[in-house]
2 protein chains.
Amino acid sequence: MSIADTNENTQPLATHRRGGGRVGRRIMRSAAVPSFPTLVRKIPAYEIVPDEAVELIHEASLSILEEVGCEFRDDEAIAMWKQAGADVTGTRVRIDRGLLMELVCKTPSEFTLNARNPERTVKVGGKNSIFVPMYGAPYVRDLENNRRYGSLEDLQNFHKLAYMAPALHSSSSIICEPMEIPVPKRHLHIIHSALKHSDKPFMGIVTSKDRAEDTMAMAGIVFGEEFVRDNPVLVSITNCNSPLVWDATMLDAMKVYARHNQPLILAPFALCGASTSASSVGAVAQVNAEALAGVAFTQLIRPGSPQIYGQFMVTVDMKTGAPMGGTPEAAQMMYLMGALARKYRLPWRTSGFHVGSKLNDAQAGYEANMLMHAAILSGANYIWHSAGWLEAGLSCGYSKFATDCEQLVGWYKYAGGVPFDDFKEAMAAVREVGPAGHFLGTQHTLEHFESAFFMPTIMDFNSFEQWNAEGAKDHDTRGREKARTMLRDYEEPKLDDGVAEALHDFIAKREKSLPDTVN
Amino acid sequence: MSIADTNENTQPLATHRRGGGRVGRRIMRSAAVPSFPTLVRKIPAYEIVPDEAVELIHEASLSILEEVGCEFRDDEAIAMWKQAGADVTGTRVRIDRGLLMELVCKTPSEFTLNARNPERTVKVGGKNSIFVPMYGAPYVRDLENNRRYGSLEDLQNFHKLAYMAPALHSSSSIICEPMEIPVPKRHLHIIHSALKHSDKPFMGIVTSKDRAEDTMAMAGIVFGEEFVRDNPVLVSITNCNSPLVWDATMLDAMKVYARHNQPLILAPFALCGASTSASSVGAVAQVNAEALAGVAFTQLIRPGSPQIYGQFMVTVDMKTGAPMGGTPEAAQMMYLMGALARKYRLPWRTSGFHVGSKLNDAQAGYEANMLMHAAILSGANYIWHSAGWLEAGLSCGYSKFATDCEQLVGWYKYAGGVPFDDFKEAMAAVREVGPAGHFLGTQHTLEHFESAFFMPTIMDFNSFEQWNAEGAKDHDTRGREKARTMLRDYEEPKLDDGVAEALHDFIAKREKSLPDTVN
C-alpha cells in the first residue's frame, strides 16, 4: 500500500451525510438512495501467526482429506469424484493433495456479482469486500420489541431496510422466514421480495434442487435467461455438516448453481468443541479441509466457476451447547482462515455482527464488534450476517438491523484506510492555530470536519441532561426508532412492469403445482 | 514469534474458572483471589500504514516542536529547558530534533511497577501490557441503575471490584470522585482506599504539588520511604493541554513524581477536530509532538526515569462537541500511535473500554469493543479505562465495570496468542471421530474444552425459553448482579496493623492542616 492511495474509497462516505464529494455526486444523480460501491480495502490484513504456522494447518488439512477423507452423499457426486481419480469407498472420498489443489486452483480469485441495478454491481475477492445482511431467522424482534415468528411483511421490511442502508451491498434473501407461507411455496415469495424491494445482489435458495431451479428461473426473468446462464447474480450458501460430510441436499443445490456459474459459499457451520475438536487450530484445520473439499467439488461441476471459500466458526457454551458470538477464539480463527484463503487466492466469507444475545443490548454490542473487527482486519471478502443477527441467528431484530447498518458506515471508512491526502493542510492549521488555540474556526476544519470523522446518529452523545430530557432512551429504543424512520422514507426501486408481471405469473404457476405441506 | 511460544501465558486463565494449570495453582496457593500476571503479548502488532507513513508523521511532529514549539508554563521548567539548550522565548520552548530525541532516548523501554503484594508486581513496556480501570468520574451509575454523584463508599467498592477482577493489573485511584469529601482533603482518602482495599499497583494524584507529595508520603508508609525514592509503585497521568501547552499544575506533579522515579503518563487529552485539526493523521502528528515534549522534559528532571508515552484521542460529536467513543478514526489513530511508540521504544498508554454511552447498553458494547480491539492489536502497554467508563468518563457504572472485567479475561486470552500446543492431539481426535461423528465425548475434548474457549458468565447463552423463565434480563441487569456478587465475595487483603495505623495517623495529621474549601 502506498500512502498516496490510502484515501480513494473513503470519498463515497460523504454521500451518507449530504451527497458531497465527486463520487458521491455521481451516485446521488443516478439513484434515489445512496449506496457505497464495493469496499476496496486499503488496510493490510492482520497476520496473527507466522507463515509457517499457516503451512502447518494447511498440511494437516490436506492429510485429513487424504487419510480420513470426506463423505459426499450423492451418487452423481461420487461418480464425478471417481471420474476425477479420487480414492472412493462407498460415499467416502479420499482426495490426494495433488488432485485437491489442482481443482482448487481453477477457482477465480475474484468475480463480479451483478445487481439488477448495474450501479449496485460489486466485486468479491482480493481487496474487494462486501457487507451482506443476515439469513435464516425464524423469529424477529419487532418494532415493539416483541419476539415472535417472522412474517412476509417482516421479510419485506428487512429487504427495504437493506435497500436503504448505504453500506450493505446485498439484500441477502431469507433474512427472516415468512412463517405463514407453506414451506414448499415459501422460497418463491422470499426471492420475489428480495428482487422487488431492493436492486442489490441477493442470495439463492439451497433447500432442494427444485427450489434452486426456481431461484434461477426467477433470476432469469429479471436478468434475462441467457445472462444468468453464465453471469453471477446471486450467491448461495452450502454448509458442510461438520465433521466432514457434504449431504445430498447441499450437493443438489451446488450442482444447479455451479452449472449456472453462480457462486456458492462453501462453509462448514462449525460449533467448535462439538462438531470440531476443542482446539481453535484443530477446528481451523478441519474446517479448512471441509471447505477445500467443497470448493474442489464445484470445480468438477464447472471448472473456473466462481466460489467463496468460507467458515462459520463459533465456540459453544459449555453449559447449554449453544453457539456464542464475540469470543476471542472466534476472532483468532477468523485470522487463521483469512491467511489460508490468501494462500489459496480464494474469495472468502466470514460473518460480521453475529451474536448470542437475545436483545440489542451490551452483550450484543460487545459480541458484534469483536467479530466485525476481526472480519475487517482478516481481509474477508463476503462479510455476511452484517445486519440484524440476534440469538445465534434464531432471531432478526429491527433495532439490531438499524444499528448494524449504521455501524457498517464506520467500518467501511475504517477499511478504506487512513487518509493522508490533506496532511499538509492539517499541518498548516497547527502552525496557524499555535499553542493554546483551537481549531474549530480554521478553514481546514470547516472544509474537512464532516468527511474526517464518522458521526453515528443512533448512538447518543448529547449531554446527560439533554438525553434525559429526550426520554433517557437506551440504544435499543433509538435503534427501533431509526428502523421506523428508514421504513417511512423507503421508496421502491420499481421493476419494469413486464418483469414484475412475469414474476407474478411464474409464482402463480409454480404455486399451483406445489403442495401446501412437506410430505 | 515462534509457534512454540504462542501459548505460554494463556495458562493462568484456567485459574479464573477453577484454578487449573501450573501457573494457576501457584497463584491460588499464594493469594485468596486469582490475579493474572503481566500480559505478555504473543500476537504481533497491527501496522495499519507502511513505515514511510510513520516516518512522515514523525518528521511532521519534529517540525512542529522546532518551528511552532510548545508552551511550558512554569519558571523552573523554563530554566531547565534553557539550561538544556532549547530555544526559549518567554514560556515558548522550541526544541530541535537532536536535543529532543537525545532526551527521549534516555527513557527506559520497559520498567517494573511494584505492588504492595509482590505477586501483583507487573512489567510495563515492550511485550508487557497491563489493564487498568477508569479514572476521574464525578458520577456513578449505581447498583440500582441510578445516576448520582460518586461517594467514598462507591470508590471503595470500585477498588474492591478491581481487586476481585483477575485481569485487572491495577486499582487505578480516582475511579470515581468521593464527592462528599472536601476537595483539599479528598486525595488522602482516595489514595488510602486504593492502598487499603487492593494490593495491586495504583495511580497517583496530580492536581497539585502538595497532593503529589502526600501521595508519595503515603506510598512511603506502605512500601518504605527508601524504596519509593527510586522504585516505581504508582503511575500518574499528566495531560498536555492540546494544542501544545504543558501547564504549571501538570509540571509541578511531573517534577515530584519523576524525581521519585515514579512513571508518568505523558498524554495529551485530544478532542480531535476541536483541540486538533480535523484530520486523523494531523491529530496524531500534533499529539505525538506534545507527548514527546512531555517525555523529553521528564528526562531533564531525572534522566533514565521510566515514563509512559501516551494518547487519549477521541473525535467529537459535530452537534454537541462531546467526546465520542468507538469511532473508526479513534482506532486508526491508536494504530498510528502504537507504531510511533515502537519507533521510539517507549512504553505507551492508550484507553480500552471507553465510551460515550450513558448506559451499559448496545452503544456501550459497540463503542467499547471497537477501542479495546485496537488497543490490543496496536500493542499498547498501559491499557487504561479498561473498566467502568461511561458517558465520556463523567460516570462509572457498576454494571459496566463488571462487564469490562469479565471481557478482559477474554482479551487477555486473545493477546496471549493462538495455542498450538495440543494441535497434534486435536488432529488425532479428528481421525478418531471421522465424518459425521461428534467430539463431545473424546478424551481430547474432556481434557481441553475448559481451557480452549473463553466462557463469559454475564453474557447469556441460554435458550430463549430458559432466559425468559429467568426474568428476560438484559445484559445491564446481569452486570449489576455480577457486581453485587463480586462485592459480596470480597475479602480485604489486609495491610499490616502498623502500616494501617501509620496511614491513619498521616491522614489525620494532614487533614488538620488542610482547609475544607479551595480558596
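Only the coordinates and a few stated rules stand behind these numbers; no lab work does. This is a predicted model, so every value here is computed, not measured. Cβ sites come from the backbone with ideal geometry, for glycine too, and all protein chains shown count toward neighbours.
Would you list, by chain and number, the lysines whose Cα falls below 20 Å from the Cα of residue A:42, excluding same-chain residues fewer than 8 positions away?
Residue A:42 reaches A:123, A:127, A:343, A:413.
Can you tell me what share of the DSSP beta bridges in chain B is antiparallel? A percent to the nearest 5 is fine. Could the numbers behind the result be given before it?
Numbers: 19 of 44 bridges.
Antiparallel bridges make up about 45 percent of those DSSP assigns within chain B.
Which is farthest toward the positive dipole end of chain B among B:468, B:250, B:301, measuring Cα position about the Cα centre, with Cβ charges +1 (Lys, Arg) and -1 (Asp, Glu)?
About the Cα centre, the residue reaching furthest to the positive side is B:301.
Show which lysines lie in cross-link reach of residue A:209 when reach means a straight Cα distance below 22 angstrom and same-chain residues fewer than eight apart are skipped.
Qualifying lysines at Cα under 22 Å: A:185, A:255, A:509, A:512.
Given label points at 7 Å from Cα along Cα→Cβ, what nm distances, shortest first, separate residue A:96 from the same residue in every other copy?
Between copies, matching label points for residue A:96 lie 7.2 nm apart.
Quick one: grab the alpha carbon gyration tensor of the stretch B:438-496, order the square roots of its eigenvalues as a ≥ b ≥ c, and give me rounded if a/c is under 1.5, else prolate or oblate depending on whether a/b is larger than b/c. Please list the in-between numbers first.
Values: a/c = 3.83, a/b = 1.24, b/c = 3.08.
Oblate shape, in that a/c is at least 1.5 and b/c is the bigger or equal ratio.
Placing unit charges on C-beta atoms (Lys and Arg positive, Asp and Glu negative, everything else neutral), compute the dipole magnitude of the protein assembly as shown about its Cα centre in debye, rounded to 20.
On the way: 104 positive and 124 negative charges, 43 e Å.
The calculated dipole for the protein assembly as shown is roughly 200 debye.
Select from B:131, B:184, B:145 the residue farthest towards the positive end of the dipole of the stretch B:35-189; place +1 on Cβ of Lys and Arg, -1 on Cβ of Asp and Glu, and compute about the Cα centre.
My answer, from the dipole projection, is B:145.
Classify the stretch A:191-303: rounded, prolate or oblate, from the alpha-carbon gyration tensor (a ≥ b ≥ c, eigenvalue square roots; a/c under 1.5 rounded; otherwise prolate if a/b is larger than b/c)? Walk me through the intermediate numbers first.
Details: a/c = 2.60, a/b = 2.02, b/c = 1.28.
Prolate, since a/c reaches 1.5 and a/b exceeds b/c.
How large is Rg over Rh for chain A, taking Rg from the Cα atoms and Rh as the Kirkwood inverse mean of 1/r across Cα pairs?
0.98
Percent of Cα-Cα pairs per 10 Å bin, from 0 to the last occupied bin, for the stretch B:365-519, please list those.
Calculated over all Cα pairs of the stretch B:365-519, the distribution is 8, 21, 24, 25, 13, 5, 3, 1 percent.
Work out which GluC sites (Glu not before Pro) in chain A are exposed loop sites (DSSP not H, G, I, E or B, at most 13 other Cβ within 10 Å) and give the longest gap free of them. Numbers along the way, then the final one.
Values: sites that count: A:144, A:180, A:225, A:226, A:470, A:491.
Answer from the scan: A:227-469.
Suppose R0 equals 51 Å; then what is the FRET efficiency for residue B:468 and residue B:207 from their Cβ-Cβ distance, rounded to the nearest 0.05? Kindly include the intermediate steps, with their values, before the conclusion.
Numbers: r = 49 Å, r/R0 = 0.97.
Computed FRET efficiency for residue B:468 and residue B:207 comes out at 0.55.
Any idea what the dipole of chain A comes to, in debye rounded to 20, about its Cα centre with Lys/Arg Cβ at +1 and Asp/Glu Cβ at -1?
Details: 52 positive and 62 negative charges, 133 e Å.
Dipole size: approximately 640 debye.
Say the dipole of the protein assembly as shown comes from +1 at the beta carbon of Lys and Arg and -1 at that of Asp and Glu; which of A:428, B:362, A:85 then lies farthest toward its positive end?
A:85
Using only Cα atoms and rounding to the nearest 10 degrees, what angle (0 to 90) does helix B:209-223 make with the longest principal axis of chain B?
The angle comes out at about 50 degrees.
Measuring label to label, 7 Å along Cα→Cβ, what does residue A:481 give against each other copy in nm, shortest first?
Here residue A:481 shows inter-copy label distances of 2.9 nm.
By counting other Cβ atoms within 10 Å of each Cβ, how are A:424, B:200 ranked from fewest to most?
On the way: A:424 11, B:200 28.
Sorted ascending by nearby Cβ count, the order is A:424, B:200.
What does DSSP give for the protein assembly as shown in terms of the percent of beta bridges that are antiparallel, rounded to the nearest 5? Could you put the intermediate results ahead of the total?
Details: 39 of 89 bridges.
DSSP beta bridges in the protein assembly as shown are roughly 45 percent antiparallel.
Express in whole angstrom the spacing between the alpha-carbon centres of the stretch A:283-306 and the stretch B:323-395.
39
Quick one: in chain A, whose Cβ comes closest to the A/B rotation axis, and how close in angstrom?
A:365, 1
Could you state the angle between the C-alpha long axis of helix B:398-415 and the longest principal axis of the C-alpha atoms of chain B, as a value from 0 to 90 degrees rounded to the nearest 10?
Roughly 80 degrees between the two axes.
If the viscosity is 1.306 mPa s and the temperature 10 °C, what Stokes-Einstein diffusion coefficient in µm²/s follows for the protein assembly as shown when Rh is the Kirkwood radius over Cα pairs?
Details: Rh = 29.6 Å.
My calculation gives 54 µm²/s for D.
If the cut-off is a Cα-Cα distance under 20 Å, which lysines reach residue B:473, setting aside same-chain residues fewer than 8 apart in sequence?
Within the straight-line limit of under 20 Å, residue B:473 reaches these lysines: A:319, A:358, A:400, A:473, B:358, B:400, B:482.
What nm distances, shortest first, do you get from the label point of residue A:428 to those in the other copies when the point sits 7 angstrom along Cα to Cβ?
6.9
Does the stretch B:53-95 come out rounded, prolate or oblate by the C-alpha gyration tensor, with a ≥ b ≥ c the root eigenvalues, rounded set by a/c under 1.5 and, if not, prolate when a/b is larger than b/c and oblate if not?
Judged from the Cα gyration tensor, the stretch B:53-95 comes out prolate (a/c at least 1.5, a/b above b/c).
Which net charge results for the neighbourhood of residue A:70, defined as the other residues with beta-carbon distances under 14 angstrom from its beta-carbon, given Lys and Arg at +1 and Asp and Glu at -1?
Details: positive: A:73, A:92, A:94, A:97, B:431; negative: A:66, A:67, A:71, A:74, A:87, A:96, A:247, A:290.
Value of the local net charge: -3.
If you bin every alpha carbon distance in the stretch B:259-373 into 10 Å steps from zero, what whole percent lands in each bin?
Bins of 10 Å from zero give 14, 42, 30, 12, 2 percent of pairs.
What is the helix-to-structure angle for B:152-164, meaning the angle in degrees between its Cα long axis and the longest Cα principal axis of chain B, kept from 0 to 90 and rounded to the nearest 10?
The answer is roughly 60 degrees.
Taking Cα centroids, how far is the stretch A:182-219 from the stretch B:114-170 in Å?
So the two Cα centres are separated by 54 Å.
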